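K.L.:
Below you'll find the structure I mean.
The values are calculated or read from the model by the stated rules, or taken from the named source; none is laboratory data. The structure displayed is predicted, hence computed values, not measured ones. Cβ atoms come from the backbone with ideal geometry, glycine included; neighbour counts cover every protein chain shown.
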Amino acid sequence: MLALLILTGCATGQAARRAEDVQRPVCTDGILVLGFVDGGAALAPRFASGLEWPSRAVAECPHATFKVVGLPAPSDASLSGRRARSVALVLRAFGIPEPVFELGRAEDQDMPVLQINAAP
């Protein structure tokens, strides 16, 4: 029973956090975790659903900048380079300029993120 309550609480908390993200003020800083389909280079569809906020930041926050931490510069030389290329293409499709790519530390590479710096 306790496990069920804990799982229910976690699920409720995740739903609440997703609602907060949708309603967040546009010109704020934050991150989006990048996920890829089946260990490949294509971005998971759930990532695209989170791009409303950064795409609005491009239009509404004159100083917004974007950085991908955990992936190298886009290239065809490796899986991580192809992933970076996929990220850049999807962002461009949402009107977001190509971000700076920073490979970062090993733990950053295990869980790449898009950093949005949109606060004034």
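K.L.:
Could you figure out which of (1) touching a Gly at 6+ places or on another chain (Cβ under 9 Å); (2) within 15 Å of residue 114 (Cα to Cα); (3) in contact (Cβ under 8 Å) with a residue 12 or more places away in the chain isn't true of residue 59?
P.N.:
That leaves (2) as the condition not met.
K.L.:
Residues being over 14 Å from residue 119 (Cα atoms) and basic (Lys, Arg): count how many of those fall in region 43-56.
P.N.:
Qualifying residue count, region 43-56: 1.
K.L.:
Among the residues of region 80-120, write down those that are of a type in the set (D, E, K, R) and touching a Lys or Arg at 6+ places or on another chain (Cβ under 9 Å). Talk me through it step by step, then tell me what you get.
P.N.:
To start, the set of residues in region 80-120 that are of a type in the set (D, E, K, R) comprises 82-83, 85, 92, 98, 102, 105, 107-108, 110.
Those that are of a type in the set (D, E, K, R) and touching a Lys or Arg at 6+ places or on another chain (Cβ under 9 Å): 98, 102.
K.L.:
If the requirement is being at pLDDT 90 or above and out of contact with any Asp or Glu (no Cβ under 8 Å at 6 or more places or on another chain), which of these qualifies: 89, 2?
P.N.:
Working: 2 fails: at pLDDT 90 or above.
Matching residue, one of 89, 2: 89.
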